[in-house]
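Encoded as structure tokens, the structure appears first; notes follow it.
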Amino acid sequence: MKKQNSLKIIPLGGLGEVGRNMTLLEIKGEILICDMGLRFPEEDMLGVDCLIPNISYLKGKERNILGIVFTHGHYDHIGAVSYLIGKIWHPHLDIFASSLTRGIILKRQEEFPNQPKLDIEIVKSGDRIQLGPFRVEFFRQNHNIPGNLGVFIETPVGPIIDTSDFKFDPNPVNDLPTDFEKLKALSKRKILLLMSDSTGAEKEGHSLSEKTIEQNLEEIFKRSPGRIIAATFASLINRIQQMITLSEKYNRKVLIEGYSMKNDVEIARNLAYLKVKKGTLIKNKELAGYPDSRLTILCTGAQGEGRAVLMRIINREHRFLRFRKGDSVILSSSVIPGNERTVQILKDGILRQKAKVFHYKMMDIHAGGHAQQEELKEMIKIMKPKFFLPIHGQYSMLVSHAELARESGIPEKNIVVAENGQIINLNQKGILVEKKTVPSNYVMVDGLGIGDVGEVVLRDRQMLARDGMFVIVAIVDKQTGQVRGSPDIISRGFVYLRESKELLAQTRKKVIEIVNRAAGSGEAVNWSYIKDEIRNKIGQFLYTRTQRRPMILPVVIEV
Ligand SMILES: [Zn+2]
């Protein structure tokens, strides 16, 4: 297989993980980027705000990037733009997105003032654009945010498809049902490669229609005597729409609470993706003017996110909202793996404050936005691709999806389960993963720092979080090499100093011994050796006495 005439597909994120989606398509040195997403950190990545793709492969190739296409406005597809665009931007870079996706990207850019001003061209289903050797055609896909576009790309080796996140929904919210005729029309053009969303590949059957969700939510509206407080993700515009529609039907006013949700609602409303009657939305000052039975509060925090509205209400830290008897609290989002514990704390907290809780495990009040096994097989059957590459998902999801492709009749040799950083070569004859890889490790964002928090910093933070820190300050006489007075000890998160006088006295004694022995010989003093000695010996000593390993920071001052 000739590599130079092949299309290279390079996933920089989203394979072997949920989130951080970003894929490069490259042919003869010309590059097209699809999505630039972020991912939220794992519990042990202390203090890290988010994880973004590593784009060092693009260094020096900036001018060869023809453009970026965005499929939809979820952060796992657009969230890394603010951190990465400055590194690859040039005046001829073409960027394309639906109007809602564009609105969400530009709104987020406002929080990053020192960035190039992005000129994003609005595209809609059916639009075609030419970017060098790539002819891109957008098509509508149902998901749980409007303005979601799959991409069909005519390349010199043949047509390929990126499905974007999708599900087949016969009764979607604010959107038309899946256009199967359109999908069939695309498939007639002999799809060489299908890249399809794997997030739901381990779930049997068909995803729930938004119609079912709406009926179940309506039951709660019928039965609730007091306020309805509904929490979901800010970007789940479709769920927000359902809550607003039901509130209007049951004569409730709606208060939107939470910065990101207010933003997203405003963007979607301005672009007519969200239908709200005049007078439905109220401000917090107006709350008192309505009885509980006429109020709905929509807010963020269904995952128990620490800074989100719901957690602040539970902790009685919210400016004006408290739970009370009669409230019905709806948690309408599936629990992201790893968040189970915080969601449990959330539920218990709400119940302790005498409000009722409804969550998706009790009834279907949340549908995921992703196709499940039956839909995934249907997509493969419609597209009849020669080659298949599962994208978006944990490794096990990719493998499940590959299995579905086999069941759907794609020969095993034509299916590739790839990982981030691999280079997949594609042409009419075959699909081949190169041995060589490109960097694709996590780049961690913490505050203003991008990538400066690496493995070492993270390990330090984990150590500090586990056993705390222990600072020893010793003042040493330059002339004699002996410790002057008694070393100072500062400790955080290790032991309570006042109750550990004995331990501290012994530690001080040991420090004096170590320094005096090493520095008192009259020869030139190697201070870094002495610091290492303190770190090791005191570390061992503290461990034998406490079975803890605090981070030890020796400070030696010569006077
Ligand atoms: Zn999505």
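The values are calculated or read from the model by the stated rules, or taken from the named source; none is laboratory data. If you're wondering where the values come from, they're calculated on a predicted model, not measured in any experiment. Backbone-built Cβ (ideal geometry, glycine too); neighbour counts: all protein chains shown. Keep in mind that these areas ignore ligands, DNA and RNA; they rest on the heavy atoms of the full protein, side chains included. Shrake-Rupley method; radii C 1.70, N 1.55, O 1.52, S 1.80 Å.
Within region 173-188, restricting attention to residues that are more than 16 Å from the ligand (Cβ to nearest atom) and either assigned to a strand (DSSP E or B) or among the hydrophobic types (A, V, I, L, M, F, W, C) (or both), the residue that is farthest from residue 103 (Cα to Cα) is 185. Out of all the residues in region 132-143, is one or more small (Gly, Ala, Ser) and within 15 Å of residue 70 (Cβ to Cβ)? Checked against the condition, which is being small (Gly, Ala, Ser) and within 15 Å of residue 70 (Cβ to Cβ), region 132-143 yields no hits at all. The lone criterion from (1) under 30 Å from residue 46 (Cβ atoms); (2) open to solvent by 30 Å² or more (accessible area, probe 1.4 Å) left unmet by residue 534 is number (2).
Residues in region 307-322 that are assigned to a loop (DSSP other than H, G, I, E, B) and open to solvent by 20 Å² or more (accessible area, probe 1.4 Å): 7 in all. Only residues that are over 13 Å from residue 195 (Cα atoms) and open to solvent by 20 Å² or more (accessible area, probe 1.4 Å) were counted across region 380-416, and they come to 15. Residue check: residue 207 meets all listed conditions (1) touching a residue at least 60 places away in the same chain (Cβ under 8 Å); (2) away from the ligand (no atom under 14 Å from the Cβ); (3) in a loop (DSSP other than H, G, I, E, B) but one, namely (2). Of the residues making up region 122-158, those that are more than 18 Å from residue 273 (Cβ to Cβ) and basic (Lys, Arg) are 128, 135.
Note on region 283-306: residues that are crowded, with 16+ Cβ neighbours inside 10 Å and touching a strand residue (DSSP E or B) at 6+ places or on another chain (Cβ under 7 Å) total 9.
Filtered by the rule that a residue be within 24 Å of the chain's Cα centre (by Cα), within 20 Å of residue 330 (Cβ to Cβ) and not in a helix (DSSP H, G or I), region 237-273 gives 256, 257, 258. Figure legend. Inter-residue proximity from region 504-518: first residues part of a helix (DSSP H, G or I), second residues basic (Lys, Arg), beta-carbon distance below 6 Å, spacing 6+ or different chains. Indicated pairs: 514/537. Say whether the condition of being within 30 Å of residue 356 (Cα to Cα), open to solvent by 10 Å² or more (accessible area, probe 1.4 Å) and away from the ligand (no atom under 16 Å from the Cβ) is met by at least one residue in region 164-172. Yes, because at least one residue in region 164-172 is within 30 Å of residue 356 (Cα to Cα), open to solvent by 10 Å² or more (accessible area, probe 1.4 Å) and away from the ligand (no atom under 16 Å from the Cβ). Of all the listed residues (76, 49), the sole one being over 22 Å from residue 129 (Cβ atoms) and within 16 Å of the ligand (Cβ to nearest atom) is 76. Whenever a residue of region 177-192 is among the β-branched types (Val, Ile, Thr), its partners that are in a helix (DSSP H, G or I), lying with C-beta atoms within less than 6 angstrom and at least six residues away or across chains, give the pairs 191/383.
Those strands (runs of 3 or more DSSP E) of region 64-159 in which at least 2 residues are surrounded by 18 or more Cβ atoms within 10 Å (Cβ to Cβ), considering only elements entirely within it, cover 65-69, 94-97, 134-140, 149-155.
If we only count strands (runs of 3 or more DSSP E) wholly inside region 1-54, which ones have 2 or more residues that are among the hydrophobic types (A, V, I, L, M, F, W, C) and out of contact with any Lys or Arg (no Cβ under 8 Å at 6 or more places or on another chain)?
Those strands (runs of 3 or more DSSP E) span 7-13, 30-34.
Residues to consider are 37, 132, 60, 147; find the one that is within 16 Å of the ligand (Cβ to nearest atom) and over 17 Å from the mean Cα position of the chain (by Cα).
Being within 16 Å of the ligand (Cβ to nearest atom) and over 17 Å from the mean Cα position of the chain (by Cα) holds for just one of 37, 132, 60, 147, which is 147.
Any chance region 132-142 includes a residue that's over 30 Å from residue 200 (Cα atoms) and in contact with a strand residue (DSSP E or B) (Cβ under 6 Å, 6 or more places away or on another chain)? Yes, region 132-142 contains a residue that is over 30 Å from residue 200 (Cα atoms) and in contact with a strand residue (DSSP E or B) (Cβ under 6 Å, 6 or more places away or on another chain).
Scanning region 275-302 for residues that are of a type outside the set (D, E, K, R), free of Cβ contacts under 8 Å to residues at least 60 places away in the same chain and touching a Phe, Trp or Tyr at 6+ places or on another chain (Cβ under 9 Å) gives 282, 284, 287.
Tally up the residues in region 246-271 that are without any contact (Cβ under 8 Å) to a residue 60 or more places away in the chain and open to solvent by less than 70 Å² (accessible area, probe 1.4 Å), please. Spell out how you get there, then give the answer.
Here is the first cut: in region 246-271, the ones without any contact (Cβ under 8 Å) to a residue 60 or more places away in the chain are 246-256, 258-262, 265-266, 269.
From what's left, open to solvent by less than 70 Å² (accessible area, probe 1.4 Å): 246-248, 250, 252-256, 258, 260-261, 265.
Residues that pass the stated criteria total 13.
For region 460-508, the set of residues classified as open to solvent by less than 30 Å² (accessible area, probe 1.4 Å) and among the hydroxyl-bearing types (Ser, Thr, Tyr) consists of 491, 500, 507, listed by residue number. Applying the criterion of being in contact with a helix residue (DSSP H, G or I) (Cβ under 6 Å, 6 or more places away or on another chain) and of a type in the set (A, V, I, L, M) to the residues of region 1-44, the residue that is nearest to residue 306 (Cα to Cα) is 38.
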